[in-house]
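**Q** Here it is, the structure, as structure tokens.
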Amino acid sequence: RIKFINEINRFSKSVQDALLSLLEEGYLEYSGLIFRTPSYICFADMNPFRGDLDRALKARFLGSCYIKLPDTRGSKIILDRLLESEKTLGFLDLVRTMPKILSIDELEVIWRDVSTVGIPEDTKMFGIMLVSMFRVCKNNKLELMPSFSSPLCSDCEYSNEPCSYVLEPPDERAYIALFLYARAKAWLEGRSHICFNDLTWALPYV
């Protein structure tokens, strides 16, 4: 029920294409075979030294964050846990040293609770405007996709404004992700409706 894809950007283009339907429709067709999966939560990581991920596949993930390399203290904690697992299990396994926090059943109850958090109409419009700001261009750069970064910016009066740094404008899934994150934050704080601050908090992750 929880899937983890390691170094997803190392997959070949054909495997990345196959994963699109797994993430979107819940089934995977590869080499003439079809594999189906029940509902699940998917996490993936990327090796930053092995290139980027296909844009269509990247858009299937509702959020992302950059994780820095651990500092010296963090490296010691990881090593201590690995050595601890070797003593108890007989082999190195960092995952089994992690404490269990929530069961799948508890996660599903929380997910149902989060889906009851309301989205007021003015907050909905504010969220749409936030995402839309990353699509605005007086020269209609959007129509130049997929090569969104264009020489039009250098001759534009807004050449050093935020819009000139946008390389990939957000698609429609960005709206969905934004409101899902905002609802989760409101739920964690015990509120029945999202507010503007929930959206501005969620935007960087989306």
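**Q** Kindly evaluate Leu107 against the criterion of being modelled with pLDDT of 85 or more, within 29 Å of Ala186 (Cα to Cα) and exposed (fewer than 13 other Cβ atoms within 10 Å of the Cβ).
**A** no
**Q** With Leu28, Leu62 as the choices, which residue is in a strand (DSSP E or B), at pLDDT below 85 and either under 23 Å from the mean Cα position of the chain (by Cα) or among the aromatic types (Phe, Trp, Tyr) (or both)?
**A** Going through Leu28, Leu62 in turn, just one is in a strand (DSSP E or B), at pLDDT below 85 and either under 23 Å from the mean Cα position of the chain (by Cα) or among the aromatic types (Phe, Trp, Tyr) (or both): Leu28.
**Q** Okay, moving on. How many residues are more than 19 Å from Tyr40 (Cβ to Cβ) and crowded, with 17+ Cβ neighbours inside 10 Å when one looks only at segment 4-19?
**A** Matching residues across segment 4-19 total 1.
**Q** Please work out which one of (1) surrounded by 12 or more Cβ atoms within 10 Å (Cβ to Cβ); (2) in a loop (DSSP other than H, G, I, E, B) is the condition Ala56 fails and give its number.
**A** Evaluating Ala56 over (1) surrounded by 12 or more Cβ atoms within 10 Å (Cβ to Cβ); (2) in a loop (DSSP other than H, G, I, E, B) leaves (2) as the failure.
**Q** Taking the condition of being surrounded by fewer than 13 Cβ atoms within 10 Å (Cβ to Cβ) and either touching a Leu at 6+ places or on another chain (Cβ under 7 Å) or β-branched (Val, Ile, Thr) (or both), how many residues in segment 20-40 meet it?
**A** Total meeting the criteria: 2.
**Q** Within segment 31-42, how many residues are in contact (Cβ under 8 Å) with a residue 24 or more places away in the chain and either part of a strand (DSSP E or B) or touching a Cys at 6+ places or on another chain (Cβ under 9 Å) (or both)?
**A** 2
**Q** What are the pairs, 6+ residues apart or on separate chains, where a residue within segment 63-87 that is under 22 Å from Asp52 (Cα atoms) and among the hydroxyl-bearing types (Ser, Thr, Tyr) has its Cβ under 8 Å from a residue that is at pLDDT 85 or above and open to solvent by 80 Å² or more (accessible area, probe 1.4 Å)?
**A** Ser64/Tyr205
**Q** Any residue that is surrounded by 13 or more Cβ atoms within 10 Å (Cβ to Cβ), at pLDDT 80 or above and under 21 Å from Ser115 (Cβ atoms) - is there at least one of those in segment 148-170?
**A** No; the residues of segment 148-170 include none that is surrounded by 13 or more Cβ atoms within 10 Å (Cβ to Cβ), at pLDDT 80 or above and under 21 Å from Ser115 (Cβ atoms).
The values are calculated or read from the model by the stated rules, or taken from the named source; none is laboratory data. In this text, all values refer to a predicted model and were calculated from it rather than measured experimentally. Methodologically, a virtual Cβ is constructed for each residue, glycine included, from the backbone with ideal geometry; neighbour enumeration extends over all protein chains shown. Just the protein is used for accessible areas: all its heavy atoms, side chains included, with ligands, DNA and RNA removed. Shrake-Rupley method; radii C 1.70, N 1.55, O 1.52, S 1.80 Å.
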